[in-house]
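Reviewing the structure listed below.
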Amino acid sequence: MKKILQFAMLLLVVLSISPLAAAPPAAPKPPGPESWPTFRNGNQQLGVATTKLPAKLEKLWVHKAGEKDGMIKSTAAIAGGRVYAASLNGEVFCLDLKTGKRQWTYQSQKPAKPDAFIPGFKAAVAVTADTVYIGDEEGMFHAIDRASGEGKWKFETAAEIVSCASFYEDKVVFGSHDNSLYCLNAADGTKVWQYMTQGMVNCSPAIMGDHTFVTGCDEHLRVINLKTGQQDIDMPLGIYLIASPAVVENMLYVGTHGNEVLAIDWKQSTKIWTYTGTSPYHSSAAVNDKYVVVGAQDKKLYCLDRNSGAPVWIFSTKGHVDSSPVIVDDRVFVGSNDGNVYGLSLDTGKEVWRYTDGRPFTASPAVGEGCLVIGSESNTGNIYCFGAK
């Protein structure tokens, strides 16, 4: 009996130190009503936060993505108390929202040697309840387990991906510079359909009902049926677009490379209004019930009346505004290539807050779960989190 007890105690000790006894990663909390799970916070791509930010915004932490080549162009996602971000050094990583501590790291490729090139990430991160989705600069689309950071599956396209994923039923939709819009089964990455355009697809696809909208380098607005993968509407625009569209019912809002911001009734294939600026718009518009707010390469942020397109206010920075603005109640936040993140009054355009990194902010803010998160193009890839201390 004594030997049996000794054996049992020894077995318990062995199990306690065995890797088999290690607890599996905790299941992540799914995106909630105050999360920021995709580039523009949802399939309509309105760029409107569903969380609150404090009146006094303070820096909570800064995380350095890498000692070199860690620059951040990708917009982060916020869900379940975690930040999901990606950098030009080929890493996707998960941070604790409260502390900025790294939870896991995923690489686009396993480097053959320490200094070997691996593809980086410019596309925004998209997350669901259990998976992180993102495309890289060599055309590989990655699905990553949210809890562990382990790869689930990959899907190869023929060119760079800068489009953020959108979600329809049990499918994931994104564009590629190989002129295609792809629809994959989210669970295993098998292709459902591929729609070929006549130019690179830069935009993240907006979704309304059973339709998605593609604006790209072929100078057309294309409305694609998500069930069939076939084009329902083709509206020639005469100029190519970099920005992603925002959609409210039958209205679509987007800036063009031809110095215009357009309001389009997509069902009628009709331009309702056009605002003509002085430079291209690569920033994606934020849209609420009153305003369309969008950045331009003339170093300005524009607020336009949503119904008429008339300018409400114009705010000047000292660099291109390629970052896409985010509306948070009565404020709007945006990055600029002048090295600043700005907070402005939504009604007046008056500056109410500023943070200076000194390196360009081309990534867009992610605003979720009480925090604003944005990465800069500093060599170390500074990712900042702002909120209430």
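The values are calculated or read from the model by the stated rules, or taken from the named source; none is laboratory data. Values in this document were obtained by computation on a predicted structure and should not be read as measured data. Ideal geometry is used to build each Cβ from the backbone, glycine not excepted, and the neighbour counts take in all protein chains shown.
Here are some notes:
- Count of residues meeting criterion [part of a loop (DSSP other than H, G, I, E, B) and of a type in the set (A, V, I, L, M)] in the stretch 307-345: 2
- Check on residue 78, under 28 Å from residue 203 (Cα atoms), at pLDDT 95 or above and in a loop (DSSP other than H, G, I, E, B): no
- Tally, over the stretch 183-219, of residues that are of a type in the set (Gly, Ala, Ser), surrounded by 19 or more Cβ atoms within 10 Å (Cβ to Cβ) and either more than 21 Å from the chain's Cα centre (by Cα) or modelled with pLDDT of 95 or more (or both): 3
- Considering residues of the stretch 236-250 that are of a type in the set (A, V, I, L, M, F, W, C) and surrounded by 17 or more Cβ atoms within 10 Å (Cβ to Cβ) only, the residue farthest from the chain's Cα centre (by Cα): 237
- For the criterion of being under 25 Å from residue 42 (Cα atoms) and buried (at least 17 other Cβ atoms within 10 Å of the Cβ), residue 309 passes.
- Of all positions in the stretch 269-279, at least one carries a residue that is of a type in the set (A, V, I, L, M), surrounded by fewer than 23 Cβ atoms within 10 Å (Cβ to Cβ) and within 30 Å of residue 232 (Cβ to Cβ).
- Residue satisfying all of: in the stretch 129-182; of a type in the set (A, V, I, L, M, F, W, C) and not in a strand (DSSP E or B); surrounded by the fewest Cβ atoms within 10 Å (Cβ to Cβ) among these: 158
- Residue within the stretch 128-148 that is touching a residue at least 12 places away in the same chain (Cβ under 8 Å), touching a His at 6+ places or on another chain (Cβ under 7 Å) and either farther than 24 Å from residue 242 by Cα or of a type in the set (S, T, N, Q) (or both) present: no
- Candidate set: the stretch 111-128, residues that are farther than 20 Å from residue 77 by Cα and among the aliphatic types (A, V, I, L, M); chosen: the one surrounded by the most Cβ atoms within 10 Å (Cβ to Cβ): 118
- Residue match in the stretch 253-274 (condition: part of a strand (DSSP E or B) and either of a type in the set (Lys, Arg) or at pLDDT below 95 (or both)): yes
- Qualifying position, being assigned to a strand (DSSP E or B), free of Cβ contacts under 8 Å to residues at least 60 places away in the same chain and either of a type in the set (Val, Ile, Thr) or within 28 Å of residue 267 (Cβ to Cβ) (or both), among 218, 232: 232
- Test: residue in the stretch 20-29 that is under 21 Å from residue 148 (Cα atoms) and modelled with pLDDT of 95 or more: no
- Taken over the stretch 356-374, the criterion of being in a loop (DSSP other than H, G, I, E, B), of a type in the set (Gly, Ala, Ser) and within 17 Å of the chain's Cα centre (by Cα) is satisfied by 363, 364.
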